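Structure first, then comments.
Here, each number is a calculation from the coordinates, and none is a lab measurement. Please read these numbers as outputs of a predicted model, since none were measured by experiment. Cβ: placed from backbone, ideal geometry, glycine included. Neighbour counts: every protein chain shown.
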Amino acid sequence: MITPIHGVRSIRTKENHMSAFSLTEVEILDPEGAQRYAELTQSAVALYGGRFRVLAAEPVVAEGDWPAEKRVVIIEWPDMERLRGWYDSAEYAPARVVAETALQRRLTFLEGVDAPEAAEATVRRFYEAMRTGDTSVADEILAPAWEDIPLAPGISAGPDGYRQTVAFLRAAFPDLRADIEDILVTGDRVAVRVLARGTHEGEILGVAPTGRAVEFRAFDFHRLEQGRIVQSWHLEDFFGLLAQLDTPSTVTV
């Protein structure tokens, strides 16, 4: 639910997690075979968390020589382990067979350095769904065993619980938005200070809709592994929210 706002502070320190890249220099020998290779490869790449960054592009040569018939493919991976896993996998094996006759290529593996911006971008996508209601990104940004700490009563564990939470919040506040006021990235951790705003049009914390415009802050800490969030600790100012709804503070939160 990230709506960028002026003056947001974004603080980053050294990031330990390293991404990886596969670089392919390729010449097409058989166009039909190349198309078949591309179809087989895309699903296998997605399965192992790869993302195409350059797809069969013709390089602009600044220095040196480059054969006119060669193209470049660059795929980014969460880490070298995922990259090697993809290359040796049963899912990619049929594509490798096709490539033997359809392509002439040189494939290299490179280890990169994940900029802190990558972790920040993942966490920002976590909040964006709260604004849009689109939780299709859940399996991309959250690990299958993602932990929501503390887990609210009646909410499932894992990405399904994230979808339920977003649906619950947007039922209570259909125009919900969350502005990130501070974000701090250090190693595999991302800390966030969020200001949530919305109109109270659905029941929340046992309080019937009031139609009032409210706002409340949340403080969240996320831990990431291989480019996805594995744990999220959170603390919301629900007492401040209840005060805006003129609800006695004896309500259990």
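Only four residue types carry charge here, +1 at the Cβ of Lys and Arg and -1 at the Cβ of Asp and Glu. Report the dipole size of region 20-111 about the Cα centre in Debye, rounded to the nearest 20. Before the final figure, lay out each step's value.
Values: 10 positive and 16 negative charges, 38 e Å.
Charge dipole, region 20-111, about its Cα centre: 180 debye, nearest 20.
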Query raised in the report: If R0 is 41 Å, what FRET efficiency do you get for F168 and S43 from their C-beta distance, rounded to 0.05?
Result: 0.80
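Cα gyration tensor of region 111-253, axes a ≥ b ≥ c as square roots of the eigenvalues: rounded (a/c below 1.5), prolate (a/b > b/c) or oblate?
Judged from the Cα gyration tensor, region 111-253 comes out prolate (a/c at least 1.5, a/b above b/c).
Going by how many other Cβ atoms sit within 10 Å of their own, how do T108, T132 line up, fewest first?
Working: T108 9, T132 14.
Neighbour counts put them in this order, fewest first: T108, T132.
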Query raised in the report: Residues with amide H under 5 Å of L142's amide H, sequence separation 5 or more or different chain, H placed in the peptide plane at 1.01 Å from N; which?
Result: I229
Query raised in the report: Applying the Karplus parametrisation 6.51 cos²θ - 1.76 cosθ + 1.60 with θ = phi - 60° to the phi angles of region 219-233, what ³J(HN,Hα) value in whole Hz is obtained for each residue in order, glycine and proline being reported as x?
Result: 10, 10, 10, 10, 10, 10, 9, 6, x, 10, 6, 10, 8, 9, 9
Query raised in the report: Which of A68, A121, A20 moves the most in a Gaussian network model of the chain with Cα springs under 10 Å?
Result: A68
Requested in this report: Compute the distance in nm between two label points, each set 7 Å from the Cα along the Cα-to-Cβ direction, one at H234 and one at E215.
Outcome: 1.9 nm
Report summary line: Eigenvalues of the alpha-carbon gyration tensor of region 18-153, times 5 and square-rooted, give semi-axes in Å, largest first, of 33, 18, 14
Report task. Name the residues whose placed amide hydrogens come within less than 5 Å of the amide hydrogen of E225, ignoring near sequence neighbours (fewer than 5 apart) on the same chain. Result -> V230
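Tell me the relative contact order for the chain as a rounded percent, counting alpha carbon contacts under 8 Å between residues six or more apart. Intermediate values should be presented prior to the final figure.
Values: 502 pairs, mean separation 57.6, N = 253.
The value is 23 percent.
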Requested in this report: Find out how many positive minus negative residues lie around A99, taking Lys and Arg as positive, Asp and Glu as negative, among other residues whose Cβ is under 11 Å from that of A99.
Outcome: +1
Query raised in the report: Given (i) 1.41; (ii) 1.27; (iii) 1.07 as candidate values of Cα Rg over 2.2 N^0.38 Å, which corresponds to the one derived from the coordinates?
Result: (ii)
Query raised in the report: What spacing in nm lies between the two simple spin-label points modelled at I155 and V61, each 7 Å away from Cα in the Cβ direction?
Result: 5.7 nm
Requested in this report: With a point put 7 Å past each Cα toward its Cβ, work out how far E225 is from E181 in nm, to one decimal.
Outcome: 3.3 nm
